[in-house]
Amino acid sequence: MKKAPKLSDYLKIHFIVILYAFTAILGNATHANALSIVFFRCVISSVGLYLVLRFSGISLRVDKRAISIWILNGVFISLHWLLFFGAAKVSTVAMCLAGLSTQTFWTSLLEPIFKKEPIKRIEVFLGMLVIFALGIIFLTEEAQWLGLLLGIGAGFFGALFSVINGQFTHTHDARVITVFEMFSASFLTGAVWLYEYLSGSKGVWLPIEMDWLWIGILAIVCTVYAYTETIKLYKVFSVFSINLVITLEPVYGI
């Protein structure tokens, strides 16, 4: 049973969306490629959060079924971030965030399926409004179609891992969920990163100069704090409601 949201909950979710809006900006300011950004972000956030939990005395013992789902969800998060930063790299921050806005539409379809409930027409309608606005942007920015498509893919996986996390928020500590998912994302992106790095693929594979600061902010502020707090807010808001607010991310980002 969800708690009634307070004014502080509404303010918090908007503050978190502002932090999310900075992710594309920080990623675009980083010289390293999208894969390197995601890999080092996951490593820093997972190790940092693990140390916090250890020093806080919080147990990481969880049933195997939950862990297996979180590990899979870590894969979805990796794909979400890779597509997200990839979109910002190949086009513009605005186009990346516009594609990401389809997350609301995907959530309107996925959340009822996971909850085994009828699809709510009003939620699909609101999601379609976002698609309509996206179409207008596409017509005026046709040269940025690749970034738009990558952003839409990021929106789908963003909706998918959000809905999955929403199933666990009432029974598990949000920080424990996050640390397992970040470790999973670290191993997946790390394996791909190592292969590409050793094969001599073109690109900036190691962060340089200010890159470490930007990636550190992404890891600590935009992941350890913002991501974990978002999972906590699933206790008072539906996943659709939160993702609908996240639709404002392009507004804050622009």
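Among the residues of the stretch 41-62, the one identified as of a type outside the set (A, V, I, L, M), open to solvent by 30 Å² or more (accessible area, probe 1.4 Å) and modelled with pLDDT of 90 or more is Y50.
For the stretch 1-38, name all the residues that are under 14 Å from the mean Cα position of the chain (by Cα) and open to solvent by 30 Å² or more (accessible area, probe 1.4 Å). I18, Y20, F22 - these are the residues of the stretch 1-38 that are under 14 Å from the mean Cα position of the chain (by Cα) and open to solvent by 30 Å² or more (accessible area, probe 1.4 Å). The lone criterion from (1) of a type outside the set (A, V, I, L, M, F, W, C); (2) in a loop (DSSP other than H, G, I, E, B); (3) out of contact with any Ser or Thr (no Cβ under 9 Å at 6 or more places or on another chain); (4) touching a residue at least 60 places away in the same chain (Cβ under 8 Å) left unmet by K202 is number (4). Every condition in (1) within 16 Å of G74 (Cβ to Cβ); (2) at pLDDT below 90 is met by G151 except one, and the failing one is (1).
So which residues in the stretch 77-102 are in contact with an Asp or Glu (Cβ under 9 Å, 6 or more places away or on another chain) and not aliphatic (A, V, I, L, M), if there are any at all? Once the filter is applied, which keeps residues that are in contact with an Asp or Glu (Cβ under 9 Å, 6 or more places away or on another chain) and not aliphatic (A, V, I, L, M), the stretch 77-102 yields S91, T92, S101. If you go through the stretch 8-40 and keep only what is modelled with pLDDT of 90 or more, of a type in the set (A, V, I, L, M, F, W, C) and more than 21 Å from V192 (Cβ to Cβ), you end up with L11, I13, F15, I16, V17, I18, L19. Tally up the residues in the stretch 81-109 that are over 10 Å from N243 (Cβ atoms) and open to solvent by 20 Å² or more (accessible area, probe 1.4 Å), please. So the answer is 9. Look at L194 and say whether it is surrounded by fewer than 17 Cβ atoms within 10 Å (Cβ to Cβ), more than 20 Å from the chain's Cα centre (by Cα), assigned to a helix (DSSP H, G or I) and hydrophobic (A, V, I, L, M, F, W, C). So L194 passes the test. Which residues, taken from the stretch 143-168, are of a type in the set (S, T, N, Q) and crowded, with 20+ Cβ neighbours inside 10 Å? The answer is Q144, S162, N165.
Contact map, the stretch 109-127: residues that are among the small types (G, A, S) paired with residues that are open to solvent by 30 Å² or more (accessible area, probe 1.4 Å), Cβ distance under 8 Å, separation 6+ or inter-chain. Pairs shown: G127/F105; G127/W106; G127/L109.
The values are calculated or read from the model by the stated rules, or taken from the named source; none is laboratory data. Just so it is clear, the model here is predicted, and its values are computed rather than measured. Here the Cβ is made from the backbone with ideal geometry for all residues, glycine too, and neighbour counts use every protein chain on show. Just so you know, the surface numbers come from the protein's heavy atoms only, side chains and all, with ligands and any DNA or RNA stripped out. Shrake-Rupley method; radii C 1.70, N 1.55, O 1.52, S 1.80 Å.
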